[in-house]
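Colleague: Dumping the structure here so I can ask a few things about it.
The values are calculated or read from the model by the stated rules, or taken from the named source; none is laboratory data. Values in this document were obtained by computation on a predicted structure and should not be read as measured data. So basically every Cβ, Gly included, is an ideal-geometry build from the backbone, and we count neighbours across all protein chains shown. Please note that ligands, DNA and RNA were not included when accessible areas were found on the heavy atoms of the full protein model with its side chains. Shrake-Rupley method; radii C 1.70, N 1.55, O 1.52, S 1.80 Å.
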Amino acid sequence: MPIRSNPFFNMDSSAVLSLLRHTGNSVDSKHSKKSSGSIGGGVLKMFKLIPMLSSGCKMVNLLSRGHRRPLLKDYATTGTIFGFRKGRVFLAIQEDPHCLPMFIIELPMLTSALQKEMASETVRIALESETKTSRKKVLEEYVWGIYCNGRKIGYSIRRKNMSEEETYVIDALRGVSMGAGVLPCKNQYNQETEGEMTYMRARFDRVIGSKDSEALYMINPEGSGQGTELSIYFLRSH
């Protein structure tokens with residue numbers, strides 16, 4: 001695969017612009033029924049507090065009680081960003097918290113670096129596939145170039161199967177529709193070397209721009225109407 005010399009993501013392409021113009025008239029949502037929540041960044045603000053949390057917090061204790069019913073149920077897509085404090089970030093996309101992820105990938109970015117990006121109040125993560133065929137759905141592609149706020153940070157490969165640690169996180173959060181916190185590590189060695197497992201889970205409005213482009217816009221039911229703070233774009237270039 002050829003590696004592009006330009007380290008910045010082209011946000012002026014027609015595919016990207018169609019997704020950025022996120023209104024009811026510009027693009028079709030995956031479902032006709034829209035989520036009732038407004039768009040904002042309450043969950044992101046919780047994620048920024050993660051460095052001050054520990055596995056002894058009440059949120060973690062509640063998770064350990066085995067809740068299995070999601071707090072909210074509608075047509076929103078579930079997105080989870082998680083990773084060890086000293087490790088890399090993972091992104092998992094699910095139809096709902098009870099389903100297995102339809103897309104999971106390890107981003108070439110440290111958890112601490114992502115938290116710094118969130119200080120800008122606006123985070124745009126773009127995943128670009130350079131595959132020359134359109135026979136697959138865009139989320140079924142494997143090799144992705146990853147961009148964060150317009151800057152290329154590397155390449156990643158979509159997971160075919162989850163690891164034991166990833167399965168543990170997804171299973172532990174089955175009863176969580178949104179929120180941010182810290183999970184106790186399953187492996188004591190990992191906790192000592194990579195720190196505790198942090199996570200942020202939110203509900204997203206999934207928008208299909210074309211067969212080669214999709215976007216996820218974070219929904220916050222307590223949003224202040226200031227616009228999307230976290231957007232995730234999936235694009236296939238030709």
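Colleague: Tell me, please, whether a residue that is of a type in the set (Asp, Glu), in a loop (DSSP other than H, G, I, E, B), within 21 Å of residue 229 (Cα to Cα) and open to solvent by 10 Å² or more (accessible area, probe 1.4 Å) can be found in region 115-129.
Modeller: Yes, there is a match, as at least one residue in region 115-129 is of a type in the set (Asp, Glu), in a loop (DSSP other than H, G, I, E, B), within 21 Å of residue 229 (Cα to Cα) and open to solvent by 10 Å² or more (accessible area, probe 1.4 Å).
Colleague: Mind listing whichever residues of region 149-170 are in contact (Cβ under 8 Å) with a residue 40 or more places away in the chain, within 21 Å of residue 99 (Cα to Cα) and touching a helix residue (DSSP H, G or I) at 6+ places or on another chain (Cβ under 9 Å)?
Modeller: Correct list: 158, 159, 162.
Colleague: So residue 126 ticks every box in (1) closer than 22 Å to residue 94 by Cβ; (2) over 16 Å from the mean Cα position of the chain (by Cα) but one. Which box is left unticked?
Modeller: Unmet condition: (2).
Colleague: Can you tell me which residue within region 171-191, out of those that are touching a residue at least 24 places away in the same chain (Cβ under 8 Å) and assigned to a loop (DSSP other than H, G, I, E, B), is most open to solvent (accessible area, probe 1.4 Å)?
Modeller: 174
Colleague: Quick one: is residue 132 open to solvent by 10 Å² or more (accessible area, probe 1.4 Å), farther than 24 Å from residue 203 by Cβ and part of a strand (DSSP E or B)? I'd like the intermediate steps shown before the answer.
Modeller: On the way: open to solvent by 10 Å² or more (accessible area, probe 1.4 Å): yes; farther than 24 Å from residue 203 by Cβ: yes; part of a strand (DSSP E or B): no.
For residue 132, the condition - open to solvent by 10 Å² or more (accessible area, probe 1.4 Å), farther than 24 Å from residue 203 by Cβ and part of a strand (DSSP E or B) - is not met.
Colleague: While we're on this one: When you check residue 129 against the structure, is it free of Cβ contacts under 8 Å to residues at least 12 places away in the same chain and among the hydroxyl-bearing types (Ser, Thr, Tyr), yes or no? I'd like the intermediate steps shown before the answer.
Modeller: On the way: free of Cβ contacts under 8 Å to residues at least 12 places away in the same chain: no; among the hydroxyl-bearing types (Ser, Thr, Tyr): yes.
Against the criterion (free of Cβ contacts under 8 Å to residues at least 12 places away in the same chain and among the hydroxyl-bearing types (Ser, Thr, Tyr)), residue 129 does not qualify.
Colleague: Is it the case that some residue within region 141-151 is under 16 Å from residue 212 (Cβ atoms), open to solvent by 40 Å² or more (accessible area, probe 1.4 Å) and not β-branched (Val, Ile, Thr)?
Modeller: Yes; the residues of region 141-151 include at least one that is under 16 Å from residue 212 (Cβ atoms), open to solvent by 40 Å² or more (accessible area, probe 1.4 Å) and not β-branched (Val, Ile, Thr).
Colleague: State the number of residues belonging to region 192-213 that are open to solvent by 20 Å² or more (accessible area, probe 1.4 Å) and over 18 Å from residue 111 (Cβ atoms).
Modeller: 7
Colleague: From the residues in region 212-230 that are at pLDDT 90 or above and not hydrophobic (A, V, I, L, M, F, W, C), which one is farthest from residue 89 (Cα to Cα)?
Modeller: In this case the residue turns out to be 212.
Colleague: Go through region 152-170 residue by residue and tally those that are open to solvent by 60 Å² or more (accessible area, probe 1.4 Å), farther than 15 Å from residue 84 by Cα and either of a type in the set (Ser, Thr, Tyr) or not in a strand (DSSP E or B) (or both). Steps first, please.
Modeller: Going residue by residue through region 152-170, those that are open to solvent by 60 Å² or more (accessible area, probe 1.4 Å) are 155, 157, 159-161, 164, 167.
Now narrow it down to the ones that are farther than 15 Å from residue 84 by Cα: 155, 157, 159-161.
Add one more test, that the residue is either of a type in the set (Ser, Thr, Tyr) or not in a strand (DSSP E or B) (or both), and what stays is 155, 159-161.
Summing the residues that are open to solvent by 60 Å² or more (accessible area, probe 1.4 Å), farther than 15 Å from residue 84 by Cα and either of a type in the set (Ser, Thr, Tyr) or not in a strand (DSSP E or B) (or both) in region 152-170 gives 4.
Colleague: OK, next. Among what's in region 80-93 and is in contact with a Gly (Cβ under 8 Å, 6 or more places away or on another chain) and surrounded by fewer than 23 Cβ atoms within 10 Å (Cβ to Cβ), pick the residue that is nearest to residue 143 (Cα to Cα).
Modeller: Among residues in region 80-93 that are in contact with a Gly (Cβ under 8 Å, 6 or more places away or on another chain) and surrounded by fewer than 23 Cβ atoms within 10 Å (Cβ to Cβ), the one nearest to residue 143 (Cα to Cα) is 93.
Colleague: When region 98-112 is examined, which residues are found to be part of a helix (DSSP H, G or I) and open to solvent by less than 40 Å² (accessible area, probe 1.4 Å)?
Modeller: 111
Colleague: Within the set of pairs 6 or more residues apart or between chains, which connect a residue that is at pLDDT 95 or above inside region 86-99 to a residue that is assigned to a loop (DSSP other than H, G, I, E, B) and not basic (Lys, Arg) with Cβ atoms less than 8 Å apart?
Modeller: Note: pairs meeting the criteria are 92/101; 93/101; 93/102; 94/100; 94/101; 94/102.
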